[in-house]
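Notes to accompany the following structure.
The values are calculated or read from the model by the stated rules, or taken from the named source; none is laboratory data. Just so we're clear, the structure is a prediction, and the values are computed from it rather than from any experiment. Here the Cβ is made from the backbone with ideal geometry for all residues, glycine too, and neighbour counts use every protein chain on show.
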Amino acid sequence: MDFGAVRVLHGVDLELNRGQIHALIGENGAGKSTLSRILAGFLTPTGGMMFLNGAPYNPRRKRDAEQHGVHMVLQELNLIGTLSVAENLFLEDLPNIGGWVRRQELKRMATAALARVGLNDLDPWTPVSKLGIGQKQLVGIAAGLARQCSLLILDEPTAPLTAPEIERLFVQLNQLKKEGTAILYISHRLEEIRRLADCITILRDGRRVGTWPVSELSMDDIIRNMVGRDLTDLPQRNTYSPGNVALKVEGLTRGTAVQGVSFEVRAGEIVGMAGLVGSGRTETLRAIFGADQPEAGHVYLHGSLKPAKIESPADAVQQGLALLTEDRKEQGLLLPLPIQHNMTLASLGRIARHGWLQPVWEDAPTQKWLKALQVRCRNAAQPVNELSGGNQQKVVLARWLMRDCHVLMFDEPTRGIDIGARFEIYQWLQQLAAQGKALLVVSSDLRELMMLADRILVMSAGRIAGEFVRGQWTEDVLMSAALSGYLNTDTTRQ
Amino acid sequence: MAKQSETAIPRPTWARWAGEYGGLIGALVALIVIFSLRTEHFLSHTNFLAIANQIPSILLVAVGMTCVLIIAEIDLSVGSVLGLCGAVVGVAMTQWDWSLPMAVTAGLLAGVICGLFNGLVSLAWRLPSFIVTLGMLEMARGGAHALTRSQTQYIGSSIEGIAGATFLGLSLPFWLAMGAVVVAQLVLTRTVFGRYMIAIGTNQEAVRLSGIDPRPVKLAVFVASGLLVALAAIIDTSRFQSANPNAGVGFELQAIAAAVIGGTSLMGGRGSLVSTFFGVLIIAVLNAGLSAEGARDEMKRLVTGAVIVLAVIFDQYRHRASGVQRSA
């Protein structure tokens with residue numbers, strides 16, 4: 001399966017049996033979601049074959065898959081907020097007579113479906129937008145359970161659920177299993193999987209590592225198989241001598257995503273931030289940067305004893321902070337505009353004289369960074385949407401380097417970037433640290449962090465679950481810390 | 001001066017200017033040629049003078065509208081605010097016996113206040129400007145009728161001087177509107193403010209996350225639109241020597257049409273005041289030409305509507321050809 005420019009899955013074999021709960025696990029980006037989306041007809045594979053009940057199975061769309069009895073409950077819920085719970089449950093097959101919805105019949109069906117996930121008290125006519133995230137997830141699951149399916153795919157279904165809700169869900173899943181449904185269960189909550197699943201398939205870098213009966217794998221085996229790969233292909237970071245504290249975060253809290261996060265980053269240091277998707281890393285960076293307002297906690301900059309006043313990104317940038325966002329296209333770039341305008345955006349105040357801006361004045365700084373970062377382009381007038389991902393990332397990086405910020409925060413700086421440009425960006429990060437800048441790098445690629453960082457913070461379920469200095473870490477240790485916040489279902493957030 | 005680097009942005013050349021405005025100028029010339037051939041009196045000094053006297057107020061409104069569209073917002077209230085500002089000037093002079101400078105100041109102030117309202121309300125409550133300015137459209141028109149008790153206010157020759165003054169054979173309002181085009185174009189292309197306008201219209205969140213607060217820029221653009229509308233109102237009041245509470249009905253659509261013919265994107269991030277000037281001219285020439293042909297009003301509207309649609313289709317192709325994707 002090719003996805004964009006990057007091949008996501010490489011010849012994965014998978015066999016799912018009726019009456020079995022099959023767990024699919026792997027690191028972020030291992031290919032779990034891509035694989036399940038192919039099964040559910042959201043994506044079409046570029047190669048390979050699928051068989052369902054012995055017959056060839058090539059779903060072109062979600063609808064095809066559902067007609068074959070394959071249904072997927074999505075991680076990001078595809079419910080329509082303005083419609084009622086009942087309508088959402090049976091949206092594709094509303095009971096009707098000549099187009100007129102039979103409301104009594106719909107209500108009866110919806111009530112029955114909701115009872116299966118323990119939502120007995122929920123009025124089926126409640127608009128979905130009025131529900132909490134946990135209830136929404138249960139409605140999504142109820143929609144899956146209500147269909148006559150031979151294969152039910154659940155992607156991280158328990159993330160927003162409370163312990164009793166999870167218990168009820170497990171009872172229902174075991175019931176379905178008895179009725180002969182095959183269930184593919186995607187999760188990174190290993191304890192749940194060990195309780196629920198019959199067998200486990202582990203994916204790594206788009207390849208299948210193996211499939212085992214759940215009883216044959218210990219927790220350590222699972223982690224080793226998730227991360228196990230050679231580390232020899234990337235250069236190790238040289239020794240470093242960190243300077244003064246440049247960024248200190250104390251008790252930062254925002255909703256359930258960021259809960260009392262505290263840490264320091266020193267000048268000349270690269271601090272990595274690891275964690276699973278949804279562990280609160282992006283939210284932490286955004287709260288520090290003033291993009292979202294934290295509910296509690298303080299940020300101290302450049303060794304100051306007084307908390308910095310950061311109420312907006314403008315305040316943050318004024319005080320020498322920079323944030324390279326995870327989503328370059330939506331939150332970083334001005335896609336149809338020239339490279340030059342993208343690069344100088346944050347520095348226009350310094351380039352201009354009394355607000356007056358001669359385009360010639362932008363040439364010198366733009367050319368300097370085009371050359372320094374080796375951006376491959378026709379000229380500085382080329383719109384950035386014509387550049388490759390790596391070159392786009394260099395343009396965003398240039399915007400902040402031109403501005404001369406002291407604390408740089410990078411959110412997934414190498415996502416979707418080919419290996420060549422990746423190394424160039426690594427070299428730049430190291431060079432920036434050598435110049436005495438403080439760097440905080442969020443990445444889902446543990447190898448990347450282990451190569452780059454001087455220290456690694458691991459976030460799990462909104463908290464810092466561990467801090468490791470170079471030499472103390474192994475991939476297994478980091479992955480264990482990343483999973484630690486999700487191990488005990490009793491502490492699950494609602 | 002050092003030799004320009006290979007990858008530097010090439011300085012504008014005549015070829016690029018032609019590429020930018022060639023299509024619009026070509027369309028304009030074609031219209032003039034067609035109407036000159038088909039009617040006897042079209043190609044005449046008086047006719048062009050008449051067009052030059054007609055366009056200033058709509059041109060001023062269209063300049064403001066183009067700026068608002070560039071930041072990916074819209075101002076539907078311009079026509080009504082024009083009526084309101086004219087009503088303020090008219091009532092101030094006829095009923096309150098204010099002096100001309102006082103009345104003009106009050107008119108300008110009314111425009112600024114309407115712009116402030118549009119900007120502040122949509123920013124403070126994060127409402128779409130479509131809705132806020134739609135509300136202002138009703139409120140300003142209501143205000144204009146309330147002030148004048150729905151009666152046209154006849155001011156007389158005391159206000160005539162503004163529209164009557166001429167320079168190099170063209171009226172003061174014409175030069176004023178041309179000045180607005182030039183100043184706004186310079187602000188857009190040669191100032192930090194203008195760069196922020198384009199950037200905000202392209203991707204407001206990226207601008208915010210680059211440490212730039214988009215709100216002051218957006219507020220200033222709404223206020224500028226209100227001020228330009230007030231100027232247009234004063235010109236119209238002076239030209240007709242009266243203030244009609246129904247003045248400016250439909251101006252919002254004419255202004256949007258002119259901007260769109262000039263290639264301004266309704267999605268924001270792209271536009272030019274010079275192009276909007278040509279857009280206004282094309283509509284004016286089309287109207288004058290059809291009048292000269294003796295076409296009736298309904299026929300004029302039909303043709304003008306078709307021209308707007310054709311212009312946008314043509315613009316799409318032009319941008320696809322130059323490889324620039326739209327920022328949808």
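Each residue in the range A:328-363 was checked for being more than 7 Å from chain B (Cβ to nearest Cβ), among the hydrophobic types (A, V, I, L, M, F, W, C) and either buried (at least 22 other Cβ atoms within 10 Å of the Cβ) or closer than 15 Å to B:Ala206 by Cβ (or both), and 2 pass. Could you look through the range A:291-309, keep only residues that are of a type outside the set (D, E, K, R), in a loop (DSSP other than H, G, I, E, B) and under 19 Å from A:Asp411 (Cα atoms), and pick out the one that is nearest to the other protein chains (Cβ to nearest Cβ)? Applying the filter and picking the extreme gives A:Ala291. Here B:Ile58 does not qualify as of a type in the set (A, V, I, L, M, F, W, C), in contact with a helix residue (DSSP H, G or I) (Cβ under 7 Å, 6 or more places away or on another chain), assigned to a loop (DSSP other than H, G, I, E, B) and closer than 19 Å to B:Ala258 by Cα.
One residue alone among B:Ala243, B:Ala232, B:Ala220 is surrounded by 23 or more Cβ atoms within 10 Å (Cβ to Cβ) and at pLDDT 95 or above, and that residue is B:Ala232.
Take B:Thr237 and tell me if it is at pLDDT 90 or above, more than 23 Å from B:Phe117 (Cβ to Cβ) and touching a helix residue (DSSP H, G or I) at 6+ places or on another chain (Cβ under 8 Å). Considered against the rule, which asks whether it is at pLDDT 90 or above, more than 23 Å from B:Phe117 (Cβ to Cβ) and touching a helix residue (DSSP H, G or I) at 6+ places or on another chain (Cβ under 8 Å), B:Thr237 comes out as no.
Which of the residues that make up the range A:77-125 are closer than 22 Å to A:Leu173 by Cβ and of a type in the set (Asp, Glu)? Selection gives A:Asp121 alone. Only residues that are among the small types (Gly, Ala, Ser) and either more than 18 Å from B:Thr7 (Cα to Cα) or in contact with a Phe, Trp or Tyr (Cβ under 6 Å, 6 or more places away or on another chain) (or both): list them for the range A:330-367, please. Answer for the range A:330-367, where residues must be among the small types (Gly, Ala, Ser) and either more than 18 Å from B:Thr7 (Cα to Cα) or in contact with a Phe, Trp or Tyr (Cβ under 6 Å, 6 or more places away or on another chain) (or both): A:Gly332, A:Ala346, A:Ser347, A:Gly349, A:Ala352, A:Gly355. Within the range A:9-42, how many residues are more than 16 Å from the chain's Cα centre (by Cα) and on the phi > 0 side of the Ramachandran plot? Total meeting the criteria: 3. Figure legend. Inter-residue proximity from the range A:52-66: first residues on the phi < 0 side of the Ramachandran plot and assigned by TED's automatic domain parsing to the domain that holds A:Phe42, second residues crowded, with 17+ Cβ neighbours inside 10 Å and assigned to a helix (DSSP H, G or I), beta-carbon distance below 6 Å, spacing 6+ or different chains. Indicated pairs: A:Pro59/A:Ala65.
Looking only at residues in the range B:28-48 that are hydrophobic (A, V, I, L, M, F, W, C) and touching a residue at least 40 places away in the same chain (Cβ under 8 Å), the one that is surrounded by the fewest Cβ atoms within 10 Å (Cβ to Cβ) is B:Ile34.
Quick one: is B:Gly90 touching a strand residue (DSSP E or B) at 6+ places or on another chain (Cβ under 7 Å) and farther than 28 Å from B:Val260 by Cα? Considered against the rule, which asks whether it is touching a strand residue (DSSP E or B) at 6+ places or on another chain (Cβ under 7 Å) and farther than 28 Å from B:Val260 by Cα, B:Gly90 comes out as yes. So B:Asn118 passes all but one of these: (1) within 24 Å of B:Ile55 (Cβ to Cβ); (2) crowded, with 23+ Cβ neighbours inside 10 Å. Which condition number does it fail? If we test B:Asn118 against (1) within 24 Å of B:Ile55 (Cβ to Cβ); (2) crowded, with 23+ Cβ neighbours inside 10 Å, just (1) comes out false. Filtering B:Glu20, B:Glu6 for residues that are acidic (Asp, Glu), modelled with pLDDT under 85 and in a helix (DSSP H, G or I) leaves a single hit, B:Glu20. Just one of the listed residues (B:Leu281, B:Leu227) is over 27 Å from B:Val309 (Cα atoms) and either away from chain A (no Cβ under 12 Å) or in contact with a Leu (Cβ under 8 Å, 6 or more places away or on another chain) (or both), and it is B:Leu227. Evaluation of A:Leu323 against the conditions (1) touching a residue at least 24 places away in the same chain (Cβ under 8 Å); (2) more than 7 Å from chain B (Cβ to nearest Cβ); (3) buried (at least 23 other Cβ atoms within 10 Å of the Cβ) shows that the sole unmet condition is (2).
Cβ-Cβ distances below 7 Å connect the following pairs, each with a first residue in the range B:184-199 that is of a type in the set (D, E, K, R), a second residue that is assigned to a helix (DSSP H, G or I), and a separation of six or more residues or different chains: B:Arg195/A:His341; B:Arg195/A:Leu348.
Select the helices (runs of 4 or more DSSP H) contained entirely in the range A:109-223, then report the ones holding at least 2 residues which are among the basic types (Lys, Arg) and surrounded by fewer than 21 Cβ atoms within 10 Å (Cβ to Cβ). Where helices (runs of 4 or more DSSP H) fall fully within the range A:109-223 and carry at least 2 residues being among the basic types (Lys, Arg) and surrounded by fewer than 21 Cβ atoms within 10 Å (Cβ to Cβ), they are A:163-178, A:190-196. Of the helices (runs of 4 or more DSSP H) entirely within the range A:377-493, those holding at least 1 residues that are β-branched (Val, Ile, Thr) and at pLDDT 90 or above occupy A:389-403.
Within the range A:364-381, being closer than 25 Å to B:Arg208 by Cβ and more than 9 Å from chain B (Cβ to nearest Cβ) holds for A:Pro365, A:Trp369, A:Leu373.
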